[in-house]
Structures are given as structure tokens and as C-alpha cells.
Amino acid sequence: GSGNDCTRCCKGRPGFDVSSDGGSTWQAVPFANISIKNSAIALAVAAQKQPQLVRYGWDNFVECTITNSDGLPASPFQFEFVQQAQREHTHHNHKQEEQEAAVLRPPMGFNSWNSFHCNVDENLIVSMAAKMKSLGLASAGYQYVNIDDCWQAARDNTSGRIIEDQARFPSGMANLTARIHDMGLKFGLYTAQAQYTCQKRPGSYSFEEVDAHTYCEWGIDYIKIDGCNGQKWPRQNTSWIKFREVLSKCGVVMSVESCGDPDTCGQWITDVADLWRTDGDIQTTFESVLHNIHANDKMAKVARPGHYNDPDMLQCGNAGLSFEEQKTHFSLWALSAAPLLISTDIRYIGDETLQILKNKEVIEVDQDLGFNGAVQGTQVATQANDTEVWVKRLSNGSSGEARFAVVLVNLAGDSSRDVTVTWEQVGLEDSKTASVRDLWAEKTLGKFSHEFTAKGVAPHGSVMLRLECNER
């Protein structure tokens with residue numbers, strides 16, 4: 001079911017906007033023009049032109065405009081109006097479009113671990129949040145400010161409630177959460193399903209319900225649940241199920257570690273988690289980047305709107321990766337619809353890295369819900385000259401054109417390579433002509449048939465393209 005009680009928390013501003021010009025301008029839909037019956041939401045729009053796009057909670061997200069039967073609020077979303085003829089052509093169905101419309105896209109934000117490990121405190125976290133805003137990262141889509149391990153110190157002997165490290169977080173997590181929210185951002189924490197976290201802090205084993213209620217009471221938005229040390233439940237998902245039963249009622253994004261086998265945990269992971277790590281911790285080497293993304297690729301068919309494979313945090317900005325390697329790293333994560341969690345010291349981030357992290361067109365690939373719910377792109381070819389081709393079919397364009405994101409990767413570390421993608425690899429008929437745009441150069445390269453070759457791709461570098469083709 002759904003509710004439309006927005007007046008309680010957004011001071012009279014409707015949660016829906018529509019656009020008739022591809023998103024350049026938006027028109028709010030008045031409350032009187034919004035009707036809800038069961039799971040269907042109808043918007044009556046007075047517009048000179050047929051609306052092309054609708055969005056919810058985009059500029060002024062509030063938590064009570066749309067809720068499901070469990071009281072879980074919908075996250076902000078934007079999608080296209082699809083006419084009946086287009087639906088038949090793309091084999092979409094109405095039920096699927098309803099499901100896609102209100103789901104969470106891959107989260108974007110910051111995580112403290114790769115850069116700070118246990119050296120975290122509330123002043124550092126607030127400074128990271130402030131930098132995310134001042135550098136334009138927040139406006140680019142990075143919304144979560146997440147603390148990893150080492151914030152917790154002990155448990156209350158009577159209630160079992162987790163206690164923050166008072167020396168590092170003297171204001172307490174509830175106050176820190178409120179402070180981050182006041183900055184217009186979201187806040188996340190870390191725990192482990194075992195008796196102890198990886199840094200030997202108190203874990204959540206046998207305290208799942210207590211911890212989950214505490215997190216809801218504090219108002220956090222995201223929880224990462226590690227595995228780690230000491231006693232655990234015999235079944236891998238017992239702890240996650242206990243967390244899910246509580247956290248689903250207060251809208252907390254739940255990320256777990258880990259699930260990397262589509263034939264075992266991949267059969268049920270979407271029932272208990274929003275995100276799940278697919279392999280071990282990423283290191284600041286190109287070899288580690290490739291290892292994690294290849295492991296993640298095996299789980300592609302499990303991902304769907306609202307549920308995403310996680311190849312781990314971004315290493316962009318940390319010592320060990322060249323500019324070209326960082327760009328390849330980010331391209332592959334975006335094509336794979338991975339969570340984009342920056343894990344470097346944002347206060348001292350370089351201009352080149354910032355340029356990578358804020359590339360609007362690459363971020364759009366990450367956030368795109370894909371064609372027919374296939375959110376994650378995949379590796380489609382490994383070629384004899386040490387190159388790879390990755391492809392994601394994107395949602396159709398506003399005029400019904402087929403769109404594809406392509407990443408061409410040079411695996412060689414010693415020399416440049418030409419990298420070719422064929423229309424067969426993309427999934428296009430060989431006779432079709434496609435417009436090709438370079439997303440990193442922000443330049444349309446022209447129209448091509450049969451194939452496209454990127455010349456002289458730098459060692460460990462990549463080229464990211466968007467192909468558009470009218471299928472009719």
C-alpha cells in the first residue's frame with residue numbers, strides 16, 4: 001500500500017514534479033492532482049506538452065510522501081513516461097515499471113575506512129561532510145557519510161545497547177546523525193554479525209534486534225554489516241534476517257559481507273540485503289581493482305533495481321593508482337551499477353581525482369536502472385591484445401532509442417593498445433548505425449556502423465562510450 005501524508009513533513013510542498021523538456025525545467029504536481037489506489041499513483045498534469053519525465057523527492061526529499069505497507073519510505077527517483085507503443089517495442093511491462101520507479105539506485109557517498117582506518121572522530125566526519133558539499137560532490141550525487149569500524153566501545157551491561165567511543169564521539173551518534181542531516185546529507189555506521197568487529201570492537205552477535213532498534217532510534221540511514229571475529233550464528237544469513245526485520249521498518253539501507261556465488265547465497269541475498277560485497281577488501285593496486293570487478297561480474301544476474309552487487313569502496317585518490325588506473329576503476333564500477341563510496345581524504349583530494357568522481361555522464365551510467373531491469377553491465381569480451389570490452393544496456397532514450405554504455409580497457413601496463421567493440425558484442429544488428437560519444441572527453445565522436453575502435457588507449461587506461469541507435 002501507499003500513503004500520501006506529505007503535509008506533515010514537507011510543509012505543503014508536493015513530492016512529485018514533471019518535465020516536458022527532458023529535465024531542463026520541472027513543474028510541481030499539486031496535492032489535489034495526486035491520487036493513490038493500492039500500489040498505483042496517478043498524477044493529473046496540466047501541461048502544454050506531453051510530460052516526458054517524472055521525479056519524486058528530488059529537491060526536497062521527505063520521508064513520508066510514499067510509504068509501503070511496512071511504513072518504509074521510498075527514496076528519491078526519476079523515470080521516463082513510456083507510451084504504450086514504446087512499451088510493446090521494448091518488452092517492458094507495467095508491473096515491472098512500477099517496481100523500478102520507486103527503488104533505491106546504487107548509493108553514492110563517503111566511507112572512512114580506506115583512508116583513516118580506526119583514526120576517526122566526530123570532527124573528522126563533520127569535516128568530510130562539509131568538504132563533500134563545498135567541493136560539489138554532494139550536488140553530484142554523493143549523499144552518504146559513513147563511518148566504518150572503531151566508533152563503538154562497549155555494551156551497556158543492563159540493556160545490551162551499544163555504546164559509542166565517548167573520547168572520539170563525545171556528542172553521541174544521535175547528535176552526529178542529526179548534524180549530518182542538517183547539512184542535507186545522510187549518515188551511515190558499521191557493525192559485524194560476529195561477536196567482534198574486525199578491529200575487536202563489540203560486534204552484533206545475539207544483539208541484532210537491540211542494535212537495529214538503536215540505529216533506527218538514532219536515525220541513521222545506512223548500515224554496513226561485516227563478518228569478522230568470534231562467535232557467529234551457524235547459518236550465514238541468520239544475523240542478516242534479524243537485522244532486516246527491524247531495519248526494513250525504518251528505511252535503513254543494509255549492506256552485508258559477503259555473497260559471491262550466484263548459485264548459493266545469490267539465490268536469496270536480495271531478500272535480506274540491499275547491497276552485498278562480492279569479494280575481499282580492495283587494495284590500491286590495479287591488480288586488485290581487476291580482481292574485484294571480475295569477481296563482481298560473476299554475480300551480475302543477481303543484481304536488480306534496489307539490490308546491488310558491491311565490488312568494494314573506491315580507491316580513487318589513494319596512493320598506488322595512476323590517473324588512468326583511477327579512471328578505469330571508476331568506469332568499471334559505474335558500468336557495473338556499483339555503490340560509489342569515496343574512501344580517500346576528501347580534504348586533500350586532487351583536481352584530477354575530483355574530475356573523475358564528478359563526471360556527470362559516467363555517474364548517470366551508474367545510476368541508470370538499465371534495460372528491462374538489467375542494472376549491471378558485464379564483460380563481453382577478452383581480446384588477444386590484452387584488452388577487455390564491457391557493456392551495459394541503458395534504459396531507452398526519451399525518443400525510444402536504444403542506448404548502451406561501453407568500457408574499453410587496456411590491461412597492458414607497458415604500452416598503448418587499440419581496443420575495438422563490435423556491434424555484435426553490444427547487441428546491435430551489424431547493419432545499424434550508432435552515434436558514439438566519449439564520456440570522459442565529453443565529446444560526440446560521430447556515427448559508426450559495424451564496430452568502433454578506440455586508438456591508442458593508454459596503459460591500464462580505458463575509454464568509456466555511450467552508443468545510441470534508433471532500433472526502428
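The values are calculated or read from the model by the stated rules, or taken from the named source; none is laboratory data. None of these values were measured; they are calculated from a predicted model. Using ideal geometry, Cβ is built from the backbone for each residue, glycine included, and neighbour counts are taken over all protein chains shown. These accessible areas exclude ligands, DNA and RNA; they are computed on the full protein's heavy atoms, side chains included. Shrake-Rupley method; radii C 1.70, N 1.55, O 1.52, S 1.80 Å.
With a cut-off of 8 Å between alpha carbons and a minimum separation of six or more residues, what is the relative contact order of the stretch 148-203 in percent? Working shown, then result.
On the way: 60 pairs, mean separation 21.2, N = 56.
Dividing the mean separation by the residue count of the stretch 148-203 yields 38 percent.
Label-to-label distance, residue 45 versus residue 126, with points set 7 angstrom from Cα along the beta-carbon direction: 4.2 nm.
Could you give the accessible area per residue of the stretch 103-177, probe 1.4 Å, as a whole number in Å²? The partial results should precede the final answer.
On the way: 2690 Å² over 75 residues.
Each residue of the stretch 103-177 exposes 36 Å² on average to a 1.4 Å probe.
By accessible area, using a 1.4 Å probe on protein heavy atoms only, the stretch 251-379 has 45% of its surface on carbon and sulfur.
Pairs exceeding a 26 Å alpha-carbon distance, out of 133/298; 186/232; 327/392: 133/298; 186/232. For residue 175 and residue 347, what does the FRET efficiency come to when R0 = 30 Å and r is the distance between their Cβ atoms, rounded to the nearest 0.05? My answer for the efficiency is 0.85.
Computed over protein heavy atoms with a 1.4 Å probe, the accessible surface of the stretch 285-417 works out to 32 Å² per residue.
At 1.4 Å probe size, put 127, 336 in order of accessible surface, largest to smallest.
On the way: 127 35, 336 0 Å².
Ranking 127, 336 by accessible area, largest first, yields 127, 336.
Exposure check, 1.4 Å probe, all protein chains in place: residue 442 carries approximately 110 Å² of accessible surface.
For the stretch 112-202, what % of the accessible area comes from carbon and sulfur atoms, probe 1.4 Å? Before the final figure, lay out the partial values.
Details: 1650 of 3600 Å².
With neighbouring chains kept in place, the figure for the stretch 112-202 is 46 percent.
Between residue 435 and residue 209, the simple spin-label model (points 7 angstrom out along Cα→Cβ) gives 5.7 nm.
Distance between the modelled labels on residue 324 and residue 25, one decimal in nanometres: 4.6 nm (7 Å Cα→Cβ projection). Within the accessible area of the stretch 398-472, the carbon and sulfur atoms contribute 42%, probe 1.4 Å, all protein chains present.
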